[in-house]
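Okay, so here's the structure we're looking at.
The values are calculated or read from the model by the stated rules, or taken from the named source; none is laboratory data. All values derive from a computational prediction rather than experimental measurement. Neighbour counts run over all protein chains shown; Cβ positions are idealised from the backbone, glycine included. Just the protein is used for accessible areas: all its heavy atoms, side chains included, with ligands, DNA and RNA removed. Shrake-Rupley method; radii C 1.70, N 1.55, O 1.52, S 1.80 Å.
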Amino acid sequence: MVPVTVILIYIVVASFLVYTFRNKKPLKWSDFFLNGFPMLKVIKNDNIYCIPGPLRLPFIGTKWQQIKMNKLHEYYADLNKTYGNIVMEMNGNIPVISLFKREDIEKVLQFNSAYPFRPPTEIVSFYRQKHPERYSSLGLVNEQGPQWAKLRSKLTPKTLESKRMLSTFCPELNEICDEFINAIKQKRNANNVLENFDDLMKMMSLEASSSLILGRRMGYLQESGENNENFMELGNAAKNIFAIFRDAFYGNCLWKYFPSRIYKEYAANEEKIYNIILEIIKNTIQNNEFMAQDKENESILVKILKTEGLDIRDKISGVIDFLTATQVLSHTAIFLLSFISSNAEVQEKIFQESSLLSENPSLDELNKAHYTRAAIQESFRISPSAFAVARILEQDFNLSEYHVEAGNIVLCHNMIACNNEENFENAKEFIPERWLNENGEMNPNQPTNSSIVVPFGCGRRTCPGKKLSEMELVILVIKLVREFKIEYMSPCEQQFEFVLAPRGPINIKFENRV
């Protein structure tokens, strides 16, 4: 426990230093008695510092608080209840403003920008800047401005955003889902309960992303699969990296000054992923896989290697970023299945719809699975993996009656807003029908205020894996519900791992329908 006298000395010294540097004049002792502690209102005429929030200390900001990292989503819900629709924290000396009001969120996210700015994942940027021999830029996720636009235009249109690519991959994904169902049947116990379903779901997600992105079937779902040590390390590193992002961003930032435990863990996982991807790329080039012209079933890796106008280092980092980002699919699937499990009527409607589709549905058939897609959208509303969308303001905004200048970081808390009764009627209830029009067709713009349902971000910064993830979820749900009656053995709890994730172990009963 830090003695009270030490804290008081710190407050006094910090007040003098901050006041002197900010105001370019020394602080008088009388200021303490006349004005209170100036460190708490150093820029007292600047409206942004009037925004309510936790106590802000010099240099530390609001990081003095004891926050459970895996419950950060609950912490922000408490901030909303305590301070209202707009809250300011200080990440050291950097203001971070949280927005909970729908109108404020829409105002920020609908701002028309050629290059939407979002805060980079600091530890990734820090690491990549230190390794120019491997990375010529910060990558698609972390770059800003024209460099980001260049990477986006080169890496995504013919890969994750291509309808032709999705159609070509659809049969492969059907096959992977069939293997997943067989694995469930083999691993469940005599009572049809599969324990640690979350582990198997992660393996399925890795198998799908590896097949699409790397053009390699890893065999994660097969007892006799390839499943070699390198591929297992790749899977483990991809799973570990999100929790490291969380601790580096929301915890202390000592890793910026010396190689702390967090930094060493990140570097080890990043290097594993890089080295394995590099080896796969070398093998791909040696086997002349990238030389084929207009090969319909070529992988994203091959398409990226064939892209002109990009440094090979950008191509490698693009593959790494794609592979890492697709791991969020397993979290989304587990939340979705938990909602379906808890609502027998919803599950039955999905089963009836699935019976109208072919055994291995095509992309066009999947687009006709309106109720299933509505259920997925409703899950996105209630439990999106990305529970908040970050932006760096490009112009001044008036947000909840406060003037917030350009350059400030804001967090748009879409999940909290989507669970607010002011924005959605019966907001806590899972009601897929709210996304269906009068003809029973899925319409993402159907409910009022649907614009704040942004599980993949929005605008030009929308996650490039959005269409792929939605296709995977539709096929997965259709095949699972057609094969099994699904029942979670306990409620699905949430935890924060830089994205929202289920708290394991997840045990599910899969009872055969026939």
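Just a few scattered comments:
Table: residues versus (1) part of a helix (DSSP H, G or I); (2) crowded, with 16+ Cβ neighbours inside 10 Å; (3) touching a residue at least 24 places away in the same chain (Cβ under 8 Å).
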site	(1), (2), (3)
Asn439	no, no, no
Pro444	no, no, yes
Pro447	no, yes, no
Leu468	yes, yes, yes
Glu472	yes, yes, yes
Lys479	yes, yes, yes
Pro491	no, no, yes
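- The set of residues in the stretch 184-211 being surrounded by fewer than 23 Cβ atoms within 10 Å (Cβ to Cβ), polar (S, T, N, Q) and at pLDDT below 90 consists of Ser211 alone.
- Test for Ser153: is it part of a helix (DSSP H, G or I), open to solvent by 10 Å² or more (accessible area, probe 1.4 Å) and of a type in the set (S, T, N, Q): yes
- Filtered residues of the stretch 76-90 (kept if closer than 12 Å to Leu411 by Cβ, without any contact (Cβ under 8 Å) to a residue 60 or more places away in the chain and not acidic (Asp, Glu)): Leu79, Val87, Met88
- Any hit, the stretch 212-225, residues being crowded, with 20+ Cβ neighbours inside 10 Å, touching a residue at least 12 places away in the same chain (Cβ under 8 Å) and β-branched (Val, Ile, Thr): yes
- Single match in Glu433, Glu438, Glu472 (criterion: within 23 Å of the chain's Cα centre (by Cα) and farther than 29 Å from Ile97 by Cβ): Glu472
- Residue that is most open to solvent (accessible area, probe 1.4 Å) [pool: residues in the stretch 51-73 that are over 17 Å from Gly92 (Cβ atoms) and out of contact with any Phe, Trp or Tyr (no Cβ under 7 Å at 6 or more places or on another chain)]: Gln66
- Count of the stretch 89-110 residues, restricted to those that are at pLDDT below 95 and in contact with a Phe, Trp or Tyr (Cβ under 9 Å, 6 or more places away or on another chain), is 4.
To keep it simple, each residue is scored yes or no on (1) among the hydroxyl-bearing types (Ser, Thr, Tyr); (2) in contact with a Cys (Cβ under 9 Å, 6 or more places away or on another chain).
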{"residue": "Ser113", "(1), (2)": "yes, no"}
{"residue": "Pro116", "(1), (2)": "no, yes"}
{"residue": "His131", "(1), (2)": "no, no"}
{"residue": "Ser136", "(1), (2)": "yes, no"}
{"residue": "Ser162", "(1), (2)": "yes, no"}
{"residue": "Asn174", "(1), (2)": "no, no"}
{"residue": "Ile181", "(1), (2)": "no, no"}
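- Selection within the stretch 320-350: residues that are open to solvent by 50 Å² or more (accessible area, probe 1.4 Å) and touching a residue at least 12 places away in the same chain (Cβ under 8 Å). The member of this set that is nearest to Phe242 (Cα to Cα) is Ser342.
- Count of residues meeting criterion [under 17 Å from Val328 (Cα atoms), surrounded by fewer than 18 Cβ atoms within 10 Å (Cβ to Cβ) and touching a residue at least 24 places away in the same chain (Cβ under 8 Å)] in the stretch 449-465: 0
- Restricting attention to the stretch 388-437, the residues that are open to solvent by 50 Å² or more (accessible area, probe 1.4 Å), under 24 Å from Ser342 (Cα atoms) and charged (D, E, K, R) total 5.
- The residues of the stretch 365-381 that are among the basic types (Lys, Arg) and modelled with pLDDT under 95 amount to a single one, Lys368.
- Subset of the stretch 351-379 [open to solvent by 40 Å² or more (accessible area, probe 1.4 Å), of a type outside the set (Ser, Thr, Tyr) and over 18 Å from Leu173 (Cβ atoms)]: Phe351, Gln352, Leu356, His370
- Being open to solvent by 10 Å² or more (accessible area, probe 1.4 Å) and under 21 Å from Ser383 (Cβ atoms) is a description that does not apply to Thr307.
- Residue in the stretch 381-391 that is of a type outside the set (Val, Ile, Thr) and more than 27 Å from Phe496 (Cβ to Cβ) present: no
- Within the stretch 365-413, considering residues that are part of a helix (DSSP H, G or I) and aliphatic (A, V, I, L, M), the one nearest to the chain's Cα centre (by Cα): Ile382
- In the stretch 79-123, residue least open to solvent (accessible area, probe 1.4 Å) [restricted to those that are within 12 Å of Gly53 (Cα to Cα) and part of a helix (DSSP H, G or I)]: Leu79
- The residue that is farthest from Gly318 (Cα to Cα), counting only those in the stretch 124-141 that are in contact with a Lys or Arg (Cβ under 9 Å, 6 or more places away or on another chain) and open to solvent by less than 40 Å² (accessible area, probe 1.4 Å), is Arg128.
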